[in-house]
1. Students often check this: by mean Cβ neighbours within 10 Å, which of B:30-41, B:120-131, A:95-106 ranks highest, and how do the rest follow?
2. Where does helix A:428-454 land angle-wise versus the long Cα axis of chain A, in degrees 0 to 90, nearest 10?
3. If you split all Cα-Cα distances of the protein assembly as shown into 20 Å bins from zero, what percentages do you get per bin, shortest first?
4. Roughly how many whole Å is it from the C-alpha centroid of the range A:179-229 to that of the range A:411-433?
5. Please give me, ordered by residue number, the chymotrypsin sites (Phe, Trp or Tyr not before Pro) of the range A:21-91 that lie in loop per DSSP and have at most 16 other Cβ atoms within 10 Å.
6. First compute the accessible area of the range B:129-266 with a 1.4 Å probe, then give the percent of it belonging to carbon and sulfur atoms.
7. Given the range B:25-177 reduced to its alpha-carbon atoms as identical point scatterers, what log10 I(q)/I(0) does the Debye formula return at q = 0.09, 0.11, 0.15 Å⁻¹?
8. In square angstrom, rounded to the nearest 10, how much accessible surface does A:HIS312 have for a 1.4 Å probe?
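The values are calculated or read from the model by the stated rules, or taken from the named source; none is laboratory data. None of these values were measured; they are calculated from a predicted model. Glycine also receives a Cβ, built like all others from the backbone with ideal geometry; neighbour counts cover every protein chain displayed. For the accessible areas, the whole protein counts, side chains as well, though only heavy atoms, and no ligand, DNA or RNA atoms are used. Shrake-Rupley method; radii C 1.70, N 1.55, O 1.52, S 1.80 Å.
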Amino acid sequence: MSATAAHADDHDHGAPIGFVRRWLYSTNHKDIGTMYIIFGGIGGIVGLLMSIYMRMELQAPGLQYMTDGNVWNVLVTAHGLVMVFFFVMPVVISGFGNWFVPLMIGAPDMAFPRMNNISFWLMPPALILLVLSMFVEGTGGAPGVGAGWTIYPPLSSAPQTGMAMDLAIFSLHLAGASSILGAANFITTVFNMRAPGMTLHRMPLFVWSVLVTAFLLLLAVPVLAGAITMLLTDRNFGTSFFDAAGGGDPVLFLHLFWFFGHPEVYIMILPAFGIVSQIVSTFSRKPVFGYLGMAYAMVAIGFVGFIVWAHHMYTVGLDVDTRAYFTAATMVIAVPTGVKIFSWIATMWGGSISFKLPMMWSLALIILFTIGGVTGVVLSNAGIDMTLHNTYFVIGHFHYVLSMGALFGIFAGIYFWFPKMTGYHYSEKLGNLHFWLTFIGVNLTFFPMHFSGLAGMPRRYIDYPDAFEGWNYVSSIGSYVSGIASIVFLFLVWEAFSAKRKAEDNPWGEGADTLEWTVSSPPPFHTFNEQPKFN
Amino acid sequence: MRVVTGFRAPLAFTVVALLLLVAAPVMASQPTPWQLNFQDFVTPVGALVDDFHTLLLVVEFGIAIFVFLLLAYTCYRFRAASNPNPSKTTHNTLIEVLWTVIPVVILVIIAVPSFKLLYFMDKAENPDMTIKVTANQWYWDYEYPDQEGLTFSSTMLDAEDAKAAGDPRLLGVDNPLVVPVGQNIQVLVTSNDVMHSFFVPSLAVQIYGISGRANETWMRIDKAGTYYGQCNQICGVNHSFMPIKVIAMEEAEYAQWLLKAKQEFAMDNPSPELKLAAASQ
């Protein structure tokens, strides 16, 4: 991807002066990207603290720190919602997407900069509503939404005096509207604002990943919006979409939820795939192997992602033929995912690999995502899933693809683009410490969950039979290690900003051949005064 | 290939670990400390699940170890120090076809036993008896429609009572579900309120209880014994505290139990005195 890019100016002409004008009124893709990443980081810390509190509770049998199951259920729910909607999505799609999609395709900004502003500013109220829901009366007369992030009725629609669930629904409405607007913006930007010569088939794979993700968002999120709106009217206006007593069916909600929910997991992982593709190619000093295969593997994953939703529902009483279909369709996903894994390795094959931090995170992602992938193949089989559904095996599986897939993708991206975004170098030593602590921490936390799950430990339990103590203890220790790792990371960020080691335009050498490395670090407020052209 | 021999020792170790994992002697009707694999299955469905899972374990470990070794070799062989000049190869049609087709073949190999298991576990061909399970917040109702509608509720014992009754903490109940061994039992599951899931790992039985639906599954317990399970779908504050205890008895013993139970649970809702009497027996 050779580019003869125009060099942008170094000085920040055009940046509005004053905090309110610069940030609240922002229409600049880099500033909005920065706000998304900071916002997501706050969400991530909140979600992490919740998970550590939960692991403290589960460290030993019996009730340790929490008073009853309501507190537990509320935390389980909030941890899931916060991590999905207020950490992974803001950082990986909106954050990195806003920052680097325009830079990579040579566009001066997003297609709809003001819509970009409202996309971001819908998120803080959404988070506030979700946090508020934790302090308003909800399930069982106790404060908070205790129905799990999947909010299945009738538990979520049962007549309650309090408004916790309604607040959570409004929170998801706002977050969903934000996602839909953002998705429309990305699609328009990628289709209309590429620099001359940058055809669709020459776009960096990260841009491809964001494009596919944006389509998934645009098609999946409205279904969630519809489902939770029906839930809202069931709760407040006497409808009975999901109430058997009124001719409705709770299982309908499950179908709608997972029609959104399954694409949602690809929404979280596909941008991470894109980031890893950029990094593996950069640090192997070799173009991506099988570029078209890689791009269309993501398209295939996105497409198949829409026709496999009921594999989350094998135990709800689906017809056996339906289960057979969803088993087969789900297994198909392993093929394009395998293409991606092998193409990454093939990209490295014959390369000249340097093991800088972004590459370390990417390699770890490839290994750990493979583990999450093979346990996914196990769970795709309805016959086995009848025994593993809702056990800790499932918790282990999806944290391997999210907590080690999406999260490692996020950190790979942060370590890759940190010098570009901030203009400063981070400390390699601290970065290595952070990487290894996280790597050990997450594996220690989540690998034993496969064992507990096989032994039959159900999820969303505040207290478990004493036999499960051993592996739970190990998991808890692991989560503390991950917690310490996060402190190291925050320290790394602070250290980088206070040491002020200036980063060059392209700190990664000739392997980094996408357009963002042709502008200064940090890039000027307005990039590409002259439109870049591609040969 | 010379480099690969360097990996032989860890490979051998992993294979041994894998075999241990498959053959781990964790046979129990309840979870045991540091357990690695399934509980000991006692139903024909469970036996198939176990066999199929063993196949899956081999495939899982095979793929994971292959990817890991390939990645490790690539990292070692093509590190910047030993390969300063990268190649520019970006295509190889043969290998791209291979890594698409081989996974498909592996999936087909998995799919055959998977479908066999799925269709076998769906419904009992000719059920000998039926049990209706109704979930409530936070206890189970068991009904024997073939036995003049014998019905009783099953609630968790607290820690002291469980200890006295010889049950593990959180798994003991006042009135367990009692079934005969060797019979094909149709199990119908529904709910009176929110969703619950009737889950007994050692019987390989799990199905949601949903209001307005009667979900069906089946079991045939081939070994007399006590088997524990728990509710497995979040159902409110006491989700963690509505266990399932299944006792499988020989035919004669079961007949005796039936006689006694019919007296004991003569009314659909036994009075507290009767419940107390049942608990003390």
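1. Numbers: B:30-41: 20.2, B:120-131: 15.7, A:95-106: 26.8.
Answer by packing, highest mean first, reads A:95-106, B:30-41, B:120-131.
2. Compared with the principal axis, the helix lies near 30 degrees.
3. Going out from 0 Å in 20 Å bins, the protein assembly as shown shows 15, 48, 29, 7, 0 percent.
4. Taking the Cα centre of each part, the range A:179-229 and the range A:411-433 sit 27 Å apart.
5. Details: sites: A:TRP23, A:TYR25, A:TYR36, A:PHE39, A:TYR53, A:TYR65, A:TRP72, A:PHE85, A:PHE86, A:PHE87; in loops: A:TYR25, A:TYR65.
Answer by residue number: A:TYR25, A:TYR65.
6. Details: 2170 of 4590 Å².
C and S fraction of accessible area: 47 percent.
7. -0.60, -0.77, -1.07
8. About 40 Å², rounded to the nearest 10.
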